[in-house]
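Working notes, beginning with the structure itself.
Where a number appears in this text, it was derived from the coordinates with a stated rule and is not lab data. Keep in mind the model is a prediction, meaning the values are calculated, not measured. As a convention, Cβ positions derive from the backbone with ideal geometry for all residues, glycine included, and neighbour counts pool all protein chains shown.
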Amino acid sequence: MRYAAGIDLGGTFVKFALVSEDGEIPYKDKLEIGSKATRDDILNTLKIAIEKIKDFADERGNQLSGIGIGSPGIIYDGVVIGGADNLNGWSNVPLGEIYSKAFNLPVFADNDANVMGLGETVFGAAQNCTDVIFITVGTGIGGAIVMNGQLYGGYKNRGAELGHFTVDHKGVECNCGGRGCLEAYASTSALVQRYAQLSGLPEEAVNGIVIVEKFHAGEPAAVQCMEEHTDYLGHGIASFVNTFAPQKVVIGGGISEAGQFYIDMIKKSTFSYAMPDCSVYTDVIGATLGNNAGCMGAASLVFRNCN
Ligand SMILES: [Zn+2]
């Protein structure tokens with residue numbers, strides 16, 4: 001049995017786990033990253049996380065095949081190029097070089113959403129599929145494309161930004177500097193904003209859980225904004241279906257755990273917009289790995305790329 005260190009770097013935590021090739025997690029933990037953390041602080045926290053995994057593995061007599069890291073930003077050839085705006089100084093970071101030297105192990109790194117999508121494909125909702133679209137709905141919208149069993153990120157891994165697919169070409173401004181992106185309409189933040197607007201409540205008093213509760217209670221504002229939210233998502237996803245003809249579209253992120261009704265609403269919207277010939281073999285389903293998707297996907301980078 002092979003084992004890998006799976007590291008999931010986020011804006012507030014480093015989650016990390018020892019993961020076996022058959023998807024068992026004998027050990028996992030997390031370390032906080034303060035909002036003032038510098039580049040060196042983050043690098044040091046990652047190092048501590050890897051040491052903890054290695055110590056645990058050594059004690060059990062498990063040899064690590066390598067280290068997998070999921071990180072925000074654009075990542076190519078083990079280097080974080082940039083684009084991770086919520087981490088201070090997180091650009092031009094040669095993760096592969098730093099940790100392969102420090103631990104004398106192969107290191108593989110990719111964008112956090114890509115890694116989660118790979119995790120769901122190898123160990124989760126889209127097991128045994130070769131063609132998968134993964135969407136994570138949160139503060140923003142991240143995405144991953146698995147094509148012929150491999151992550152596809154475009155030339156030098158700069159693409160697969162599925163949250164920045166345009167749904168309204170003259171639409172509202174998006175965080176990316178563009179206009180009318182799916183993320184600007186269908187992220188959880190956009191949902192909260194829209195609900196606050198419709199209900200007159202302050203945004204601070206609203207979150208995804210509150211909206212879902214009120215939706216179930218049949219409150220008109222909640223019903224309207226959930227219908228709009230899932231309609232936008234389905235509209236965007238339909239274009240991904242028409243382009244990639246995936247076997248599964250996997251929906252992740254906190255709100256995807258609201259219940260099957262949420263996935264069903266997105267699915268209905270998706271099929272109402274997608275071309276029937278493109279979507280014959282497609283299903284829209286919820287993610288199953290939850291918080292473990294990042295670590296498991298990072299570990300599967302190792303299993304995929306090491307002999
Ligand atoms: Zn955008």
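Is the shape of segment 127-213 rounded, prolate or oblate, going by the alpha carbon gyration tensor and its root eigenvalues a ≥ b ≥ c, with a/c under 1.5 for rounded and a/b larger than b/c for prolate?
oblate
Using the Cα centre as the reference, give the magnitude of the dipole from point charges on the C-beta atoms of segment 127-288 (Lys, Arg: +1; Asp, Glu: -1; all else neutral), rounded to the nearest 20 debye.
400
Using Cα pairs under 8 angstrom and six or more residues apart, how large is the relative contact order of segment 127-288, in percent?
Worked out over segment 127-288, it gives 23 percent.
Using the Cα centre of segment 127-288 as origin and beta-carbon charges of +1 (Lys, Arg) and -1 (Asp, Glu), tell me which of 145, 260, 226 is placed farthest towards the positive end of the dipole.
Going by the Cα projections, it comes out as 145.
Among rounded, prolate and oblate, which fits segment 247-307 when a ≥ b ≥ c are the square roots of the eigenvalues of its C-alpha gyration tensor, a/c under 1.5 means rounded, and a/b larger than b/c means prolate?
Taking the square roots of the gyration eigenvalues as a ≥ b ≥ c, segment 247-307 is oblate.
What is the log10 of I(q)/I(0) for the chain, computed with the Debye formula using one identical point scatterer on each Cα and no solvent, at q = 0.10, 0.15 Å⁻¹?
Rounded to two decimals, the profile gives -0.55, -1.17.
Measure up 170/268; 30/170; 156/248; 54/267 against 31 Å on the Cα-Cα distance and list the ones that go over.
Beyond 31 Å between Cα atoms: 30/170; 54/267.
Give the distance, in whole Å, between the Cα centre of segment 75-126 and the Cα centre of segment 145-174.
Using only Cα atoms, the two centres lie 18 Å from each other.
When 1/r is averaged over all different Cα pairs and the result inverted, which Kirkwood radius in Å belongs to segment 127-288?
After inverting the pairwise mean of 1/r, the radius is 16.0 Å.
Using a/c under 1.5 as the rounded threshold, could you call segment 1-132 rounded, prolate or oblate? The axes a ≥ b ≥ c are square roots of the C-alpha gyration tensor eigenvalues, and prolate needs a/b larger than b/c, oblate otherwise.
Judged from the Cα gyration tensor, segment 1-132 comes out oblate (a/c at least 1.5, b/c at or above a/b).
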